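Take a look at the structure below.
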Amino acid sequence: MARQSLRRGLVPGLGLILLSLSACTPGASSQASISSRPVVDGWIPPTEVSHPPFREETFRPNWLETRGGSYVYMEVLGDYRRTGSYIRPLIAEAQQQGLRIAPNASPFCLFYDDPGSGKPVQELRARVGIELERPQESRQPLFVDSLPGGTAVHACVSGPYPGAQRAYPLLFRYMGRMNWERNGPIQEIYHVSPGPDVPEGRLICEILIPVRSAPR
């Protein structure tokens with residue numbers, strides 16, 4: 001949730017990026033598979049959840065059209081494994097500044113760089129954000145931005161949140177089959193708060209990768 005899309009909820013009150021649900025597989029159009037069981041607080045994954053270990057035969061990628069929205073964020077530089085630790089400070093600071101967060105919004109991270117590209121770890125760019133009810137003014141260390149809508153490759157995955165990146169190769173393969181290329185930062189939306197009483201299998205991360213047609 002630049003992230004290029006802030007998920008505005010499929011389910012009323014969900015918050016953050018998704019948008020007009022439109023899912024398909026190469027050469028076919030179909031409604032996304034929706035689980036019949038709410039994961040937490042009435043939220044239902046908008047597409048079938050894929051479980052680790054992620055394999056081609058069991059992975060369930062989709063694509064959808066997103067619509068943009070305003071979000072407040074904190075800029076983060078450095079090791080992406082530390083990015084999630086900024087979520088609580090972000091929300092606490094937003095509340096202290098009196099910003100109106102969208103009802104039931106889920107926090108997200110936007111990842112702008114490829115850690116495997118050779119770029120120094122300390123220069124890797126990310127944002128930790130959460131959707132706002134409407135555009136608002138903020139003070140540092142927070143900033144407000146908006147995400148444009150567009151086509152995005154999409155998947156919901158279970159398991160520890162740091163492991164969500166293991167699904168990326170399968171999403172990029174799906175993009176290749178669709179003749180798409182990445183067109184913005186990867187967004188991970190974290191719909192279930194981790195805790196000692198929450199089994200890792202109940203943690204659901206929604207991944208969105210904005211795309212455009214690749215040159216032929």
Problem set entry | Length added when fully stretched, N179-R100, from 0.36 nm per residue minus Cα-Cα | 24.5 nm
For this session: Can you tell me which of 86-93, 57-64 comes out highest on packing, and rank the rest after it, using the mean Cβ neighbours within 10 Å?
Result: 57-64, 86-93
Seminar exercise, completed: The size of the Cβ-based charge dipole (Lys, Arg +1; Asp, Glu -1) of segment 176-216 about the Cα centre, to the nearest 20 debye, is 400
Exercise. What's the center-to-center distance, using Cα atoms, between segment 183-216 and segment 90-149 in Å?
Worked result: 15
Problem set entry | Karplus (6.51, -1.76, 1.60) ³J(HN,Hα), θ = phi - 60°, over segment 137-147, in Hz, Gly and Pro reported as x | 8, 10, 10, 4, x, 9, 9, 10, 8, 10, 9
Problem set entry | Label point distance in nm, D197-R216, each placed 7 Å from Cα along Cα→Cβ | 5.7
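Throughout, read-outs are computed from the coordinates displayed, never taken from laboratory work. It should be emphasised that the depicted structure is a prediction, and the values quoted were computed from it without experimental measurement. We place every Cβ from the backbone using ideal geometry, glycine too, and count neighbours over all the protein chains shown.
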